[in-house]
Amino acid sequence: MIKLIREGSHNHPWVLKIIMIVIAVTFTIGMGWWGFHGGQPNVVASVGPYSISMDEYRRAYNNAYRFYRDQLKQKDVDKENLKHLVLDNLLEAKTWNVVADKLGIEVSPEALRDAIVAQKDFQQDGKFDPQYYQRLLSANRLTPHQYESQRMVELLVTKAKLLVQESTALTPAELTEVKSLAARQAKEGEAPDPSMVERIRLQFLLQKKQRALQAFQAAMRTVTPVETHDELL
């Protein structure tokens, strides 16, 4: 399916929309409307087959709170708004996790290891330090298994988002608009500089990719079964 998206969307921009509909139907028919089945303890929300545990939510909330307090120097953090912002971010990640499953996207153990080893957070003198890695995780109340599971999800989400963005291409009409804009910005009587044309084209493409990502995400949120327990936040 990944190959179909990449190849088809460049030749036919409507392919991505059709594939999204197919995925949506698969969600609805294949998964049904998932719920808590009477209520699972310590679960604040679920997205399809994935749940957000109280521990996961609290870790994300505490990290966000410290970021606003320590990095952004906000003395009065709006805790109520922060609660919902954190939950929305977790729901978004789980939604993309479901998309990754349906598209057959995977992250190998080797890719996970390479990503962690490359993180500057865990390096000392420019090299990955296993003991420092363990201490830093412990200081944040995380086990290696918990962090590596979390990092795996992040990598899956990133790959899913990149796939949607890479499947976006400018239409002939949009390319004509690019050339027209470049011509208007060129000096009178001179042809537009090729570097200017390329810069404008990249700007158009970046904007279109962002719109495609937002539209895809919004559409998936409408067809993916989601349940939240706000009273547990």
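The values are calculated or read from the model by the stated rules, or taken from the named source; none is laboratory data. Just so it is clear, the model here is predicted, and its values are computed rather than measured. Cβ sites come from the backbone with ideal geometry, for glycine too, and all protein chains shown count toward neighbours.
Got at least one residue in the range 78-86 being within 26 Å of Tyr133 (Cβ to Cβ), assigned to a helix (DSSP H, G or I) and either modelled with pLDDT of 90 or more or aliphatic (A, V, I, L, M) (or both)? Yes, the range 78-86 has at least one match.
Conditions (1) buried (at least 17 other Cβ atoms within 10 Å of the Cβ); (2) more than 28 Å from Ala115 (Cβ to Cβ), marked per residue:
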| position | (1), (2) |
| --- | --- |
| Thr171 | no, yes |
| Ala182 | yes, yes |
| Glu188 | no, yes |
| Arg201 | yes, yes |
| Leu206 | no, no |
| Arg221 | no, no |
| Glu227 | no, yes |
| Asp230 | no, yes |
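Considering Ala169, Ala182, Ala186, the condition of being farther than 25 Å from Leu90 by Cα and in contact (Cβ under 8 Å) with a residue 40 or more places away in the chain is satisfied by Ala169 alone.
Screening Val47 against (1) at pLDDT 85 or above; (2) farther than 30 Å from Lys208 by Cα; (3) of a type in the set (Val, Ile, Thr) leaves a single unmet condition, (2). Answer yes or no as to whether Ala169 is in contact with a Pro (Cβ under 7 Å, 6 or more places away or on another chain), among the aliphatic types (A, V, I, L, M) and within 25 Å of Gln203 (Cβ to Cβ). Yes.
Being buried (at least 18 other Cβ atoms within 10 Å of the Cβ) and part of a helix (DSSP H, G or I) is the filter here, so list the residues in the range 47-58 that pass it. Within the range 47-58, Glu56, Tyr57 qualify.
Taken together, the criteria exclude Thr158 from residues that are among the hydroxyl-bearing types (Ser, Thr, Tyr), within 30 Å of Pro49 (Cβ to Cβ) and not in a helix (DSSP H, G or I). Given the criteria of a type in the set (Lys, Arg), more than 12 Å from the chain's Cα centre (by Cα) and under 30 Å from Thr224 (Cα atoms), does Lys161 qualify? Taking the combined requirement at face value, the residue does not satisfy it. Within the range 110-145, how many residues turn out to be hydrophobic (A, V, I, L, M, F, W, C) and in contact (Cβ under 8 Å) with a residue 24 or more places away in the chain? The qualifying residues number 5. Within the range 113-139, being polar (S, T, N, Q) and in a helix (DSSP H, G or I) holds for Gln131, Gln134, Ser138. Among the residues of the range 154-166, those that are under 20 Å from Arg113 (Cα atoms) and touching a residue at least 24 places away in the same chain (Cβ under 8 Å) comprise Glu154, Leu155, Leu156, Val157, Lys159, Ala160.
One line per residue, one yes/no per condition, for (1) under 20 Å from Val223 (Cβ atoms); (2) modelled with pLDDT under 90; (3) surrounded by 13 or more Cβ atoms within 10 Å (Cβ to Cβ); (4) of a type in the set (A, V, I, L, M, F, W, C):
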| site | (1), (2), (3), (4) |
| --- | --- |
| Val25 | yes, yes, no, yes |
| Met31 | yes, yes, yes, yes |
| Asn63 | no, yes, no, no |
| Gln71 | no, yes, no, no |
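Being of a type outside the set (A, V, I, L, M), without any contact (Cβ under 8 Å) to a residue 60 or more places away in the chain and surrounded by 11 or more Cβ atoms within 10 Å (Cβ to Cβ) is a property that Arg151 has.
Would it be correct to say that Glu110 is among the charged types (D, E, K, R), over 22 Å from Tyr57 (Cβ atoms) and assigned to a loop (DSSP other than H, G, I, E, B)? No.
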